[in-house]
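Here the structure is laid out as structure tokens; the discussion comes afterwards.
The values are calculated or read from the model by the stated rules, or taken from the named source; none is laboratory data. Source: prediction; values computed, not measured. Quick reminder, even Gly has a Cβ in these numbers, built from the backbone with ideal geometry, and neighbours come from all protein chains shown.
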Amino acid sequence: MSDRRSIAGAAGRGVVAAMAMTGLRRMTTGLGLVCKPPPEEIATEGLSGMLATIPPAKRNEAIELAHWAFGAAASIAYALLPAAMRRLPFAGPMYGLAIWAGYETVGKRILVGSGAEDDGLSAQVAIALDHLLYGAIIGVDRS
């Protein structure tokens, strides 16, 4: 992937995939399965100092924009993987799960620290599912 169009397409898929995750996350938090989704957990527990400059009424939007930007960047990284790897069945969803697993095993400890609460199995499953959705969307382009 070397041309700008391919990079822009990957970034666009990542943003759309992160938006889809937001929709699913709104449902899982509304049903009480997830108390605090990862983007909110990172922003409020781990990087709260960065939010200090953002007016409180706009913080949720800033968190969401950061999530979409991360989704774009992660999708570009996926698109840079060898084409043979991206063409494998379920490569996209497995990539999405790898992002979730990385956050759960390493990222949460680095970005959130000991203040991270464990929402339990239902939250783990719900968050894993929205990362599967993310991967399914970015994995659509198998060029």
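Looking for something surrounded by fewer than 15 Cβ atoms within 10 Å (Cβ to Cβ), out of contact with any helix residue (DSSP H, G or I) (no Cβ under 7 Å at 6 or more places or on another chain) and in a helix (DSSP H, G or I) - is there at least one such residue anywhere in the stretch 34-44?
Within the stretch 34-44, none of the residues are surrounded by fewer than 15 Cβ atoms within 10 Å (Cβ to Cβ), out of contact with any helix residue (DSSP H, G or I) (no Cβ under 7 Å at 6 or more places or on another chain) and in a helix (DSSP H, G or I).
Quick check on the stretch 47-60. Is at least one of its residues of a type outside the set (A, V, I, L, M) and in contact (Cβ under 8 Å) with a residue 24 or more places away in the chain?
So the first thing to find is which residues in the stretch 47-60 are of a type outside the set (A, V, I, L, M), and the list is 48-49, 53, 55-56, 58-60.
Narrowing further to those that are in contact (Cβ under 8 Å) with a residue 24 or more places away in the chain: none.
Checking the stretch 47-60: not a single residue is of a type outside the set (A, V, I, L, M) and in contact (Cβ under 8 Å) with a residue 24 or more places away in the chain.
Would you check if there is a residue in the stretch 11-24 being out of contact with any Lys or Arg (no Cβ under 6 Å at 6 or more places or on another chain), more than 26 Å from Ala77 (Cα to Cα) and loosely packed, with under 15 Cβ neighbours inside 10 Å?
Within the stretch 11-24, the first condition is being out of contact with any Lys or Arg (no Cβ under 6 Å at 6 or more places or on another chain), and the residues that meet it are 11-24.
Among the residues that remain, those that are also more than 26 Å from Ala77 (Cα to Cα) are: none.
No, the stretch 11-24 contains no residue that is out of contact with any Lys or Arg (no Cβ under 6 Å at 6 or more places or on another chain), more than 26 Å from Ala77 (Cα to Cα) and loosely packed, with under 15 Cβ neighbours inside 10 Å.
So that you can scan it fast, the table gives a plain yes or no per residue for (1) among the charged types (D, E, K, R); (2) crowded, with 17+ Cβ neighbours inside 10 Å; (3) more than 14 Å from Ile137 (Cβ to Cβ):
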site: Glu61; (1), (2), (3): yes, no, yes
site: Ala69; (1), (2), (3): no, no, yes
site: Leu81; (1), (2), (3): no, no, yes
site: Leu88; (1), (2), (3): no, no, yes
site: Tyr95; (1), (2), (3): no, yes, no
site: Gly102; (1), (2), (3): no, no, yes
site: Thr105; (1), (2), (3): no, no, yes
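Out of the residues in the stretch 73-118 that are modelled with pLDDT under 90 and not in a helix (DSSP H, G or I), state the one that is nearest to the chain's Cα centre (by Cα).
Val112
Only one of (1) in contact (Cβ under 8 Å) with a residue 24 or more places away in the chain; (2) more than 15 Å from Ile137 (Cα to Cα) is not met by Arg13, so which one is it?
It fails just one condition, (2).
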